[in-house]
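The values are calculated or read from the model by the stated rules, or taken from the named source; none is laboratory data. Keep in mind it's a predicted model, so treat the numbers as computed, not measured. Glycine also receives a Cβ, built like all others from the backbone with ideal geometry; neighbour counts cover every protein chain displayed.
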Amino acid sequence: MADDIREIIEKYALQNAVKYRAAPQVGAVMGKLMGEHPELRGRAKEVSPLVSSVLSEVARTGPREWEERLAEIAPELLAELGVKKEPEKGLPRLEGAEGGVVMRFAPNPNGPPTIGSARGIIINSEYVKRYGGRFLLRFDDTDPVNKRPMPEAYGWYLEDCQWLGAVPDEVIVASDRLPLYYEIAEELIWRGGAYVCRCDQAAFKALKDAAAACPHRGQSPQENNALWREMIEGSLGPGEAVLRVKTDIVHKDPALRDWAAFRIVTTPHPRAGDKYRVWPLLDFESAVEDHLLGVTHILRGKDLMDSERRQRYLYDHMGWEYPTTIHWGRIKIHQFGSFSTSALRRALEAGEYSGWDDARMPTVRALRRRGIRPEALRKFMVELGVGETDISISMDSVYAENRKIVDPMAKRRFFVKDPHPLEIDGDVPEVAKAPFHPTLDLGLREIPAGPRVLVSADDLSDLKVGGSLRLKDLCNIEVVATAPLRARAIGTDPHQAKEMRLRIIHWAPPAGVPVRVMRPDGVDAGIGEAGIREDEGKVVQFERYGFVRIDSVSGDEVVAYFAHR
C-alpha cells in the first residue's frame, strides 16, 4: 500500500517540479494528492511523511531528470503540461450524438435542487434539445441512512425542472426498482463477477490495502448465490455480509479493488419502508440504471472518475457497453459557500436558515423566490460550458442576465431604508405623480406627499445646511437645519434641478407601508409607497436600491426578497 501511494506522490511531485522548474512544496503536492484521492484524507498523518520523503528525493535531482522520470512513469501527466486548459464557453459538440441522445440527471433527493443541481438539469436537457432524444430525471435514492431522502424533495425537483424549462421525458425512482437490481446481481454472481464477503469492515480494509484477496473471493457461484439469498431473506444481519464486484485485487489504486455493490440495511426507507433489507450502493445502482435506460452520454464531475473506473468492471462482467462520459470541473460561486445538500440540511435543522428558500440559500427555490428568471440562469449555465477546469465565478453574471430580462417589465417604486423624517416649509405638492418606468409608457402612480416626508439614513450625510437637492418627482429643496432635519421648498420644476445640478434622492410618505427586504447578507427594514401592495408576486425596482420580488402582503407589512441591483 505504501509503495502504491509513494508512486502516486512521485508522479504529482514530478509534474509540479516540471511545471514550475523548481523543487515542489509539500503543501502543493498534498493538496493535489488529497484532491485527486479523497479516500486518503483520513490518513493524512500517515501520508505526510511519505510526501516529505519523496520530495527530498526529487529535490536532489534537476529539471532534466524530473522530465525524464515523469515521461517514464506518467507520460500522460507530462503531456498535460503542454496543454493549456481554459474553460470552454458554451456547450461543445457531443461525440456520437448526431442520431439523438439519452441524457439523465440523477440526484439524491435529500434536499431541493441547488445551483449546482441546476447546472446538471440545464446542460443535460439542453443537449437533448440540441440533438433530439430523451431527458431523464432519475432519483438515486437507495441510501436510507447516510443520504436519507426527503419525501418532499421528489416534488421539489419536478417543480424546479419545470421552472427551469427542463421537463423530463421520464421520471425514474431507484427505490421502486430494487427487484431489477437483484436480478442483475444474481446474474453477476452466476457469471463469477461478484461474491458475498463476510469480512468485517476493518478486516477487509486491511486486506484491500495490502492488495490481498478476501478469503471469500474464491467461493463458487453456488455458494455466493446461497449467501446472497440469506442476505435478502434475513439470515444475515447488517455488517455481516456485503456483495462485492470482482475487480483487480492488485490494482495500483486501492479504491478500485473489489468494491461493495450491496449492503444490508434495516433502517426503513422513507419511500419503500421496510420492504427491502438489501440495498445497492450508488456505483452499482447508477451503473445498472444507465444500462437499463439506454443512457448514451453521462455528464459528471471529474471527482467521480473513480466511479466510472469501478463501474467499467461491472460492465465488462456483464458484456455491456459503457456510455460516453464527459467530466466537468467544480464550480465555486463567490456569494455562496458549500452546495452540499447534506451540509445545508444540517445548518437548516440547526436554525441557521428559515427554510430551503431562505434568501441566503444557494438553492433554485431561493433564487426563484428572489425574482431570478429561469432564462437568466439557463443562459448563464450554457455559457459556462462543461470544461474540466475548476472555476470560481460570481453571481453577478446571472444578475446581469436577469437585469436585461426584468428591467423592461419592472415597475418602479419608492422604498426608504432606515427612514428619517424631513419637514419641508413652503409650497410642497400634496401628491407626487411619478412614472412607473423611466423609458416605457406604463403610466403614472400617485404618491401622497405634503410637508413631511421620509428620507433614507444613507442620504443624511448629503443633507447639509445650505445645501440643495431634489426629492425625486416631488420638489427641489434647500436644507435649513439638520437636528431636526428641515428644509424649504425652492420649486417643483425638474429643469431647474437639472440646471442647478442638484443631486436627486428618493423619499417615502409617512403613511406608507412598512417593508422588510430579505437579502442574502441580512434584512433591510423601512417604509415604501402604499402602491407596493398591488405588486405581490411581481418583480419591481425599488428606486436607487435594486430589484426585488414582492413576496407577501399583509395588513402589517410587505415582505420583499432582494434580487440584485
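One table, with the values for the structure above:
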| item | result |
| --- | --- |
| Out of ILE532, ILE477, ILE527, ILE447, sole residue that is over 27 Å from ASP556 (Cβ atoms) and either in contact (Cβ under 8 Å) with a residue 60 or more places away in the chain or β-branched (Val, Ile, Thr) (or both) | ILE477 |
| Wholly within region 311-423, helices (runs of 4 or more DSSP H) carrying at least 2 residues that are touching a helix residue (DSSP H, G or I) at 6+ places or on another chain (Cβ under 8 Å) | 364-370, 374-384, 396-406 |
| Subset tally (residues that are over 26 Å from ALA185 (Cβ atoms) and either touching a Gly at 6+ places or on another chain (Cβ under 9 Å) or at pLDDT 90 or above (or both)) for region 298-332 | 10 |
| Some residue of region 201-213 being surrounded by 13 or more Cβ atoms within 10 Å (Cβ to Cβ), in contact with a Leu (Cβ under 8 Å, 6 or more places away or on another chain) and either small (Gly, Ala, Ser) or not assigned by TED's automatic domain parsing to the domain that holds ARG369 (or both) | yes |
| Failed condition for TYR195, given (1) outside the structural domain of ARG369 (by TED's automatic domain parsing); (2) within 23 Å of ILE372 (Cα to Cα); (3) among the hydroxyl-bearing types (Ser, Thr, Tyr) | (2) |
| Test set (1) in contact with an Asp or Glu (Cβ under 8 Å, 6 or more places away or on another chain); (2) closer than 26 Å to ILE504 by Cβ; (3) not in a strand (DSSP E or B); (4) not β-branched (Val, Ile, Thr) - PRO438 fails condition number | (1) |
| Within region 470-518, tally of residues that are within 30 Å of ALA366 (Cβ to Cβ) and either assigned to a helix (DSSP H, G or I) or in contact with a Leu (Cβ under 9 Å, 6 or more places away or on another chain) (or both) | 3 |
| Subset of region 437-447 [under 41 Å from the mean Cα position of the chain (by Cα) and closer than 17 Å to PRO494 by Cβ] | HIS437, PRO438, THR439, ARG445 |
| Any hit, region 339-347, residues being surrounded by fewer than 17 Cβ atoms within 10 Å (Cβ to Cβ) and in contact (Cβ under 8 Å) with a residue 60 or more places away in the chain | yes |
| Matching residues, region 8-25, being modelled with pLDDT of 80 or more and part of a helix (DSSP H, G or I) | ILE8, ILE9, GLU10, LYS11, TYR12, ALA13, LEU14, GLN15, ASN16, ALA17, VAL18, LYS19 |
| Candidates SER461, SER397, filtered to the one that is more than 30 Å from VAL128 (Cα to Cα), at pLDDT below 95 and of a type in the set (Ser, Thr, Tyr) | SER461 |
| Some residue of region 125-142 being out of contact with any Gly (no Cβ under 6 Å at 6 or more places or on another chain), touching a residue at least 12 places away in the same chain (Cβ under 8 Å) and of a type in the set (Val, Ile, Thr) | yes |
| Any chance GLY218 is at negative phi and loosely packed, with under 14 Cβ neighbours inside 10 Å | yes |
| Boolean, VAL288 is modelled with pLDDT of 95 or more, buried (at least 20 other Cβ atoms within 10 Å of the Cβ) and under 27 Å from ALA97 (Cβ atoms) | yes |
| Candidate set: region 516-565, residues that are small (Gly, Ala, Ser) and farther than 20 Å from ASP358 by Cβ; chosen: the one modelled with the lowest pLDDT | GLY555 |
| Odd one out for GLY42 among (1) under 26 Å from the mean Cα position of the chain (by Cα); (2) under 14 Å from ILE8 (Cβ atoms) | (2) |
| The lone exception for GLY450 - which of (1) at pLDDT below 95; (2) touching an Asp or Glu at 6+ places or on another chain (Cβ under 6 Å); (3) part of a helix (DSSP H, G or I) it fails | (3) |
| Cross-chain or 6+ apart pairs with Cβ under 9 Å, region 317-334 first and under 30 Å from ASP396 (Cβ atoms), then among the polar types (S, T, N, Q) and part of a strand (DSSP E or B) | ILE331/SER392; LYS332/SER392; ILE333/SER392; HIS334/SER392 |
| Complete set of residues in region 153-175 that are assigned to a loop (DSSP other than H, G, I, E, B) and either surrounded by 19 or more Cβ atoms within 10 Å (Cβ to Cβ) or not assigned by TED's automatic domain parsing to the domain that holds SER117 (or both) | LEU164, ALA166, PRO168 |
| Residue check, TYR399 in contact (Cβ under 8 Å) with a residue 40 or more places away in the chain, farther than 27 Å from ILE326 by Cα and assigned by TED's automatic domain parsing to the domain that holds LYS147 | yes |
| Unique residue being free of Cβ contacts under 8 Å to residues at least 60 places away in the same chain, of a type in the set (A, V, I, L, M, F, W, C) and either out of contact with any helix residue (DSSP H, G or I) (no Cβ under 6 Å at 6 or more places or on another chain) or within 22 Å of PRO429 (Cα to Cα) (or both) when the list is ALA487, ALA483 | ALA483 |
| Selection status of MET103, touching a residue at least 24 places away in the same chain (Cβ under 8 Å) and either touching a Lys or Arg at 6+ places or on another chain (Cβ under 9 Å) or closer than 28 Å to GLU10 by Cβ (or both) | yes |
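Residues checked against (1) basic (Lys, Arg); (2) crowded, with 17+ Cβ neighbours inside 10 Å; (3) farther than 30 Å from ARG370 by Cβ:
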{"site": "ALA487", "(1), (2), (3)": "no, yes, yes"}
{"site": "HIS495", "(1), (2), (3)": "no, no, yes"}
{"site": "PRO514", "(1), (2), (3)": "no, no, no"}
{"site": "ASP521", "(1), (2), (3)": "no, no, no"}
{"site": "GLY526", "(1), (2), (3)": "no, yes, no"}
